[in-house]
1. By counting other Cβ atoms within 10 Å of each Cβ, how are B:I277, B:I80 ranked from fewest to most?
2. For the range B:268-389, what percent of Cα pairs sit more than 24 Å apart?
3. Distance in nm between label sites at B:W204 and B:E190, each 7 Å beyond Cα in the beta-carbon direction?
4. Is the shape of the range A:104-208 rounded, prolate or oblate, going by the alpha carbon gyration tensor and its root eigenvalues a ≥ b ≥ c, with a/c under 1.5 for rounded and a/b larger than b/c for prolate?
5. Within the range A:24-40, whose backbone N sits under 17 Å from a point 7 Å along Cα→Cβ of A:K189?
6. Can you compute the charge dipole magnitude of the range B:1-81 about its Cα centre, using +1 on each Lys and Arg Cβ and -1 on each Asp and Glu Cβ, nothing else charged? Give it in debye, rounded to the nearest 20.
7. Could you pull out the pairs from B:K164/B:K245; A:K56/A:K188; A:K56/A:K76 whose alpha carbons sit more than 21 Å apart here?
8. Please state, as a whole number in µm²/s, the translational diffusion coefficient that the Stokes-Einstein equation yields for chain A at 10 °C and 1.306 mPa s, with Rh defined as the Kirkwood radius across alpha carbon pairs.
Amino acid sequence: MFDIKNITMIYDMEKTEKIYALGGFNLTLPDSGLIGIIGPSGSGKSTLMYCLSTLKKPTDGEILYNGKNITELKDKERENLRRKEFGFVFQRHFLIPYMSAVDNVTVAAAERGSNVTQRAKELLTGFGLSEREFGKRPAKLSGGQRQRTAIARAMINAPRVLFADEPTAALDHENAFAVMDILKEYAKKNLVLIITHDRSILNGADSIIEMWDGKISAVNDGGVLSAAAERGNV
Amino acid sequence: MPQKLSAMNYIKNNMRRVAVLIVSLGLCFVLVYLTQFMLSTTEESFKRILIGNTGKMQVISLAGKTTLGIPTDQMGDEEINAAYTEKNRELAEKLREMAGVKDAWYGEVINNFITAAVGQITYNIPLVEKEKIPEIMEYFSMKLIEGRLPEHPGEIILDSLSMKNNDYVLGRYCNERNYDKYYKIVGIVECDTYFGCGISSKDWISSWMIVVLSEGIEDMSAVLHEIGINVKENYDTVVDMKWGKTFLQEGIIDVISNSSNLIYMGIVVLLLISLTIVYTTYLRDRHNEWCLYCSIGYSRANIYHAVVWELLFTFGAAFLAGGIISILAAVLLRSTMLIPQGLQCKIFHPKAFAEILCIYVFLLGILQIPVRYALGRIRTIDAIEDDLY
């Protein structure tokens with residue numbers, strides 16, 4: 001699904017001492033599966049996710065998504081891709097404070113229709129929110145419920161790729177594993193990329209990519225990733 | 001169908017905020033409309049006198065030396081008075097024969113005041129013989145509704161609106177201060193204009209003028225010209241419909257318009273400042289929301305579209321609410337303040353509606369500046385996260 005070629009991301013381009021967030025590596029990601037990206041803060045894992053999801057444009061290199069270079073997309077194409085193909089769970093939930101939990105989920109729907117609300121409710125129910133909580137605003141929900149609502153929002157369009165940056169950070173262990181079970185189930189037919197510090201939630205992940213200083217330091221792929229990671233860059 | 005950002009989503013979930021904007025804009029509507037409404041009482045009331053009265057009765061006062069040609073330098077006071085009276089009587093007779101003139105005479109008139117929300121104006125009350133009063137009443141379609149007709153010198157009848165406006169009561173005196181109780185009100189009539197008539201008091205000499213009853217003659221100076229009198233603006237007084245229309249436009253409407261424009265400008269400037277501050281605060285609160293929309297695939301155009309609809313809804317609701325409240329307030333003011341004061345008013349002011357619409361369009365245009373600025377500041381979530389970590 002993703003074919004990443006020599007991806008480089010440099011911050012502070014204008015300064016003499018440049019910061020390499022991504023140091024130029026190749027990577028191929030499959031059409032489906034749960035892929036964990038782990039690494040310490042500043043290792044470039046979030047930058048990699050933002051580049052893959054078109055939120056950031058890499059300084060150099062290509063990202064092919066289904067054969068198309070998504071670093072050169074026009075605005076309209078990029079918007080369509082984000083709305084229809086990708087789903088996002090950010091580090092902070094970024095829920096809209098004045099909307100109910102259900103509205104926060106449906107606001108991301110790509111298509112309009114009566115079944116959107118029904119699907120939002122099903123997703124929220126699947127993430128353990130009761131009907132009583134559907135109408136509550138984020139301020140009235142617990143931290144875990146907010147995060148689960150954010151995950152439901154990311155899944156409302158049944159995206160081909162789900163990007164999740166620390167999706168379980170605000171959840172207790174029980175809830176974290178419940179959410180991971182749903183994501184694992186979702187990953188059977190779609191690609192789920194999870195960034196985390198917590199290696200324990202990645203038990204059962206199809207692949208784990210370890211990053212260090214903007215480069216891939218290890219790939220625990222179990223044969224899923226096509227050995228494309230340029231380990232020579234490590 | 002692709003889902004669009006719904007303006008209603010923001011509106012229904014932020015009723016208090018939207019209500020603040022609607023109330024502010026609605027209040028602006030009510031203030032502007034009621035200002036126009038109250039000021040219009042002057043125009044509407046005075047129009048009755050300046051157009052209504054002058055359309056039926058004209059009053060002429062000509063200068064003896066310059067216009068009537070009386071050699072006043074070579075005459076004593078009594079001679080001047082006699083010559084002046086004679087010339088005016090001759091002129092009245094000539095006028096009586098002119099086409100369109102029903103009657104004309106040289107006689108006394110007194111003035112009565114009408115006070116509106118802004119300004120005061122006087123109208124002429126002719127003083128005639130007892131026998132002539134029914135004739136004048138018929139000419140002015142006056143109907144006696146209370147009291148009796150004047151029978152003795154110093155008695156007058158007045159229309160009901162003039163009575164209310166001046167707080168007169170039957171049996172009391174007209175212009176007590178000015179005429180020192182020489183004209184007693186003995187009857188109240190109903191008619192289309194502010195008007196009255198009576199019998200001259202023997203104890204008080206009022207102004208003597210040529211009084212003309214005519215309908216359809218707008219320019220009495222032209223009629224006078226036909227009989228050899230050239231009216232000189234600086235020396236002579238001709239109170240006819242032409243003068244009434246000019247005075248209404250230049251002395252009333254234009255003056256009111258200038259005042260009301262100043263008032264509107266003050267209201268708009270105050271509203272503009274407060275609205276911009278409040279709305280900018282609202283927009284600042286929505287920064288993360290818009291960044292999220294942008295990150296999950298909505299374009300800036302989608303966001304702008306939703307904001308424009310939110311604003312249109314707010315302004316539309318304010319216009320509707322302001323319009324309804326203004327009309328209700330105008331009806332209430334008319335029945336509690338204006339009718340009891342004998343003043344005329346117009347409830348509907350299409351011009352005020354149009355002006356308020358222009359004000360709203362102007363405000364809507366100005367609010368595009370903070371909206372465009374806020375849209376320009378939208379970033380995707382990654383940039384916000386970068387700032388945080």
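FYI, it's all coordinate maths here, none of it is from the lab. Keep in mind it's a predicted model, so treat the numbers as computed, not measured. Every residue, glycine among them, receives a Cβ derived from its backbone with ideal geometry; neighbour counts consider all protein chains shown.
1. By the 10 Å Cβ count, ascending: B:I277, B:I80.
2. Of the Cα pairs, 47 percent sit more than 24 Å apart.
3. Placing both labels 7 Å beyond Cα along the Cβ direction yields 2.8 nm.
4. Oblate, because a/c is 1.5 or more while a/b does not exceed b/c.
5. A:31-34
6. Result for the range B:1-81 is approximately 1320 debye, rounded to the nearest 20.
7. B:K164/B:K245; A:K56/A:K188
8. 87
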